[in-house]
1. Between ASP34, ASP50, ASP170, which gets the highest mean-square fluctuation from a Gaussian network model of the chain, Cα cutoff 10 Å?
2. Which length gain, in nm to one decimal place, applies between PHE47 and ARG168 when the Cα-Cα distance is subtracted from 0.36 nm times their residue separation?
3. Let me know the charge dipole size of segment 84-163 about its Cα centre in debye, to the nearest 20, where only the beta-carbon of Lys, Arg (+1) and Asp, Glu (-1) is charged.
4. Please give the FRET efficiency for LEU176 paired with GLU35, using the beta carbon to beta carbon distance and R0 = 35 Å, rounded to the nearest 0.05.
5. Can you figure out the FRET efficiency of ALA105 with ALA159, using R₀ = 35 Å and their beta-carbon distance, to the nearest 0.05?
6. Taking segment 63-129, which GluC sites (Glu not before Pro) meet the DSSP loop condition and have no more than 15 other C-beta atoms within 10 Å?
7. Nothing charged except the Cβ atoms of Lys and Arg (+1) and of Asp and Glu (-1): what's the magnitude of the dipole of the chain about its Cα centre? Round to the nearest 20 debye.
8. Express in nm, to one decimal, how much length is gained between THR75 and ALA138 on full extension, taking 0.36 nm for each residue of separation and deducting their alpha carbon distance.
Amino acid sequence: MAAFAVAALALCAGAARGEGVSLTLKVGYFLPTDEVFKDVYKGGPAFGADLAVPIGGVLRVWGGAELFGKTGRLTLTEDETTVRIVPVYLGLRLESGRPGLRPYAGLAAAYFFFSEENVLGSASEGALGFLAQAGLAARLGGAVWLDLFAGYRGCRLKAGGAEPLEARLDGLSAGLGLSFRF
């Protein structure tokens, strides 16, 4: 909790200095690596937004959220099942390069909100994991940038109860974003 408080203060301090705070709206594709998850849901579009605030040199505090939602078919019964995964993350990102072209790499702690509904019932759980991302931002003009990114996320969700649930929410992601720098 202390790490999140320090990161929040750093976000505010960087924004107050006006040193290139960026807000990015993203669309991409999430490809799960777990075989069971792939059999049921395949992959699909993911949407998100993140904020990066300089805290010194090439280092930025980086945080955001994404949404992956998909309808699939249960493997045995072929009944419809729906999943929603929302990772909320906060971490650090290294960004360098020239004024109009900026490669970056980031690593963040993430909390994954997971919900699934089907004829067997519903489950809503959450768990800690991580998110890593690398990309290249290119200035389109003025304060508008194009962001090309790829990443990996990892989370193992375990829930107790009469029928324990274990889900691996790991996967690859790639996509495009539109960034606005202030």
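1. ASP34
2. On the way: separation 121, 0.36 × 121 = 43.56 nm, distance 1.98 nm.
This chain segment gains 41.6 nm when fully extended.
3. 440
4. Computed FRET efficiency for LEU176 and GLU35: 0.80.
5. Values: r = 32 Å, r/R0 = 0.93.
Efficiency computed from Cβ-Cβ geometry: 0.60.
6. GLU78
7. On the way: 17 positive and 17 negative charges, 200 e Å.
With only Lys, Arg, Asp and Glu charged at Cβ, the dipole is about 960 debye.
8. Working: separation 63, 0.36 × 63 = 22.68 nm, distance 4.27 nm.
Using 0.36 nm per residue and subtracting the Cα-Cα distance, I get 18.4 nm.
The values are calculated or read from the model by the stated rules, or taken from the named source; none is laboratory data. Owing to the predicted nature of the structure, the values given are computational and were not obtained by experimental measurement. Cβ sites come from the backbone with ideal geometry, for glycine too, and all protein chains shown count toward neighbours. Note: accessible area is taken over every heavy atom of the protein model, side chains too, but ligands, DNA and RNA are not part of it. Shrake-Rupley method; radii C 1.70, N 1.55, O 1.52, S 1.80 Å.
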